[in-house]
């Protein structure tokens, strides 16, 4: 999760909402990415989607069985759906997202037994650090708008 | 939707689950795509995701305001979430997906007022054609497995 936070800081430095994601398989890091929605001008460019894209390319298949995703913020519907579709086995995330979180806050889609894949979830890992970074980003944004 | 069906047929011919998607803005088609999960070896390569990616590139921004998506099958959680995130205004789809549909069947995420964007939905357009194509695909697949 320390590495996911470093990815989030890269987003912060580029003026993007600071969210970072890492995918591991065993001891190996197979993908590392951060939110790039504004730079890429693309609604899909969340940290989790970019990480899944990178992991599929690296591992040469669409099934990321045995992989764990670490992400600094609770995934939205799109990203939680992508985690299910890619068969990631485990998700570790930092802060809750009360406005759009689809894993604990608004929905619990990763535990939905009607779907053909469920994901083990751990939350709250380095959540203070992830949350502080987001708060600082939005504070800076308001200050910039006022000046 | 006729064009979305033609896209689905391209997927069929390539041995992919036949699902096609089109995005329009006014009278213009801004994206056309089909499911390529096996060929691309990528869990993200659903017809809707590829269409949103193409539309963002073509229109030069992540907000697809004023756009309509036509897709032959009810979107899953990932794709429904991507439709919300890209601010698509209207979704027209063909068949229900009772196993994974996130718009009517298992969830109604596009009508969720807790989220920051809602989408107008029309369903059942050319649903028999879309559904027949899918049935034929899975029948072929079973026959191939038996021989």
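For the reader, a short list of remarks on this structure follows.
- Between copies, the label points at residue A:98 (set 7 angstrom from Cα along Cα-to-Cβ) are spaced 4.0 nm, reported in nanometres from shortest to longest.
- Projecting 7 Å from Cα along the Cα-to-Cβ direction, the label point of residue A:139 sits 6.5 nm from its equivalents in the other copies, listed shortest first.
- Cβ-derived FRET efficiency at R0 35 Å, residue B:9 paired with residue A:14, nearest 0.05: 0.25
- Going from the fewest other Cβ atoms within 10 Å to the most, the residues B:120, B:97, B:40 appear in the order B:120, B:40, B:97.
- For chain B, the relative contact order works out to 20 percent when only alpha carbon pairs closer than 8 Å and six or more residues apart are counted.
- Protection proxy ranking, peptides B:69-79, A:132-142, B:13-23, average beta carbon neighbours within 10 Å, highest first: B:69-79, B:13-23, A:132-142
- Cα centroid separation, the stretch B:119-147 to the stretch A:1-77: 33 Å.
- Label-point spacing at residue B:122 relative to the other copies reads 4.9 nm, in ascending order, each point sitting 7 Å out from Cα along Cα→Cβ.
- For the protein assembly as shown, the alpha carbon positions stretch 56, 45, 29 Å along the principal axes, listed from largest to smallest.
- Shape of the stretch B:1-119, Cα gyration tensor, a/c cut at 1.5: oblate
- Legend: ranking of residues B:143, A:147, B:24 from fewest to most surrounding C-beta atoms inside 10 Å; resulting order A:147, B:143, B:24.
- Theoretical FRET efficiency, 1/(1+(r/R0)^6), r = Cβ-Cβ of residue A:144 and residue A:57, R0 35 Å, to 0.05: 0.45
- Rounded tilt (10° steps) of B:127-146 against the dominant C-alpha axis of chain B: 40 degrees
Each reported figure results from applying straightforward, stated rules to the coordinates on display, with no laboratory input. Since the model is a prediction, treat every value here as computed from it, not as a measurement. All Cβ positions, even for glycine, are placed from backbone atoms using ideal geometry, and neighbour counts span all protein chains on display.
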